[in-house]
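Chemist: Have a look at the structure that comes next, please.
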Amino acid sequence: MKVLYHCSLLLFTAVTLIHAENADPHKPIRLKCRSDLTLTPEALEAGASHPEDFGCYVSCFLQNIDIMDDKGVFDPAIATQSVAEELREESKPEIYACHEMRKNEPVDDLCKTAFGMINCLKERAPKLYEMLGIFRAPGN
């Protein structure tokens, strides 16, 4: 009986940890970009309210999730595929619309380019923006 209890507890713990990681898949990227740019957790939290001040952080984030390259080119196909399946079809037109609106803008500043793209997504697809977990875990 003890063995069954311990196996059940171990299985529950594993499932909980897997779910937690899936619920916040970009946590390691947030931590990496925060570290790279020497931002405090409090400063990063402020980015959720004022993303215009965090363009370089957003650039780091988008490059690390492979939807923007180091030249500032945004890939809407990869972005669409990286969206959770339940939001993918709903988000696809908005992702492509933001890409179309911004694709001919000069990319002389990666920070500005990244902020412009993410700001467009925030305005056009707020559920997607929240799900990305750019500044904090989705749902927080």
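The values are calculated or read from the model by the stated rules, or taken from the named source; none is laboratory data. Computed from a predicted structure; not experimentally measured. Every residue, glycine among them, receives a Cβ derived from its backbone with ideal geometry; neighbour counts consider all protein chains shown.
Chemist: Filter region 28-85 down to the residues that are surrounded by 12 or more Cβ atoms within 10 Å (Cβ to Cβ), of a type in the set (Val, Ile, Thr) and at positive phi and list them by number.
Modeler: none
Chemist: How many residues are closer than 18 Å to residue 127 by Cα and in contact with a Gly (Cβ under 6 Å, 6 or more places away or on another chain) when one looks only at region 45-78?
Modeler: The total comes to 0.
Chemist: Separate question: Hey, any hits in region 53-70 for a residue that's polar (S, T, N, Q), more than 29 Å from residue 38 (Cα to Cα) and modelled with pLDDT of 90 or more? So that I can check it myself, show each step before the final result.
Modeler: Taking region 53-70 as the starting set, the residues that turn out to be polar (S, T, N, Q) are 59, 63-64.
From the residues that got through so far, the ones that are more than 29 Å from residue 38 (Cα to Cα) too are none.
For region 53-70, residues polar (S, T, N, Q), more than 29 Å from residue 38 (Cα to Cα) and modelled with pLDDT of 90 or more: absent.
Chemist: Looking only at residues that are in a loop (DSSP other than H, G, I, E, B), more than 13 Å from the chain's Cα centre (by Cα) and not hydrophobic (A, V, I, L, M, F, W, C) in region 96-134, which one is nearest to residue 84 (Cα to Cα)?
Modeler: 103
Chemist: Go through region 39-69 and count every residue that is in contact with a Phe, Trp or Tyr (Cβ under 7 Å, 6 or more places away or on another chain) and more than 13 Å from residue 133 (Cα to Cα). Walk me through how you get there before you give the answer.
Modeler: To start, the set of residues in region 39-69 that are in contact with a Phe, Trp or Tyr (Cβ under 7 Å, 6 or more places away or on another chain) comprises 39, 44-45, 47-48, 51-52, 55, 58, 67-68.
Checking the rest, the ones that are also more than 13 Å from residue 133 (Cα to Cα) come to 39, 52, 55, 67-68.
Of the residues in that region, 5 qualify.
Chemist: Whether any residue in region 56-76 is farther than 19 Å from residue 23 by Cβ and among the aromatic types (Phe, Trp, Tyr) is what I want to check. Steps first, answer last, please.
Modeler: Of region 56-76, the ones farther than 19 Å from residue 23 by Cβ are 56-60, 62-63, 66-76.
Right, trim to among the aromatic types (Phe, Trp, Tyr) and you get 57, 74.
Yes, region 56-76 contains a residue that is farther than 19 Å from residue 23 by Cβ and among the aromatic types (Phe, Trp, Tyr).
Chemist: Might you let me know whether region 6-22 holds any residue that is modelled with pLDDT of 85 or more and farther than 14 Å from residue 117 by Cα? Spell out the reasoning first.
Modeler: We begin by selecting, within region 6-22, every residue modelled with pLDDT of 85 or more; these are none.
No; the residues of region 6-22 include none that is modelled with pLDDT of 85 or more and farther than 14 Å from residue 117 by Cα.
Chemist: Quick check: anything in region 107-125 more than 22 Å from residue 29 (Cα to Cα) and either loosely packed, with under 15 Cβ neighbours inside 10 Å or out of contact with any helix residue (DSSP H, G or I) (no Cβ under 6 Å at 6 or more places or on another chain) (or both)?
Modeler: Quick first cut of region 107-125, residues more than 22 Å from residue 29 (Cα to Cα) only: 107-108, 123-124.
If we keep only those that are either loosely packed, with under 15 Cβ neighbours inside 10 Å or out of contact with any helix residue (DSSP H, G or I) (no Cβ under 6 Å at 6 or more places or on another chain) (or both) too, we end up with 108, 123.
Checking region 107-125: at least one residue is more than 22 Å from residue 29 (Cα to Cα) and either loosely packed, with under 15 Cβ neighbours inside 10 Å or out of contact with any helix residue (DSSP H, G or I) (no Cβ under 6 Å at 6 or more places or on another chain) (or both).
Chemist: Does any residue in region 109-135 that is within 16 Å of residue 56 (Cα to Cα) come within less than 7 Å, Cβ to Cβ, of a residue that is polar (S, T, N, Q) six or more places away or on a different chain, and which pairs are these?
Modeler: The qualifying pairs are 110/59; 111/59; 114/59.
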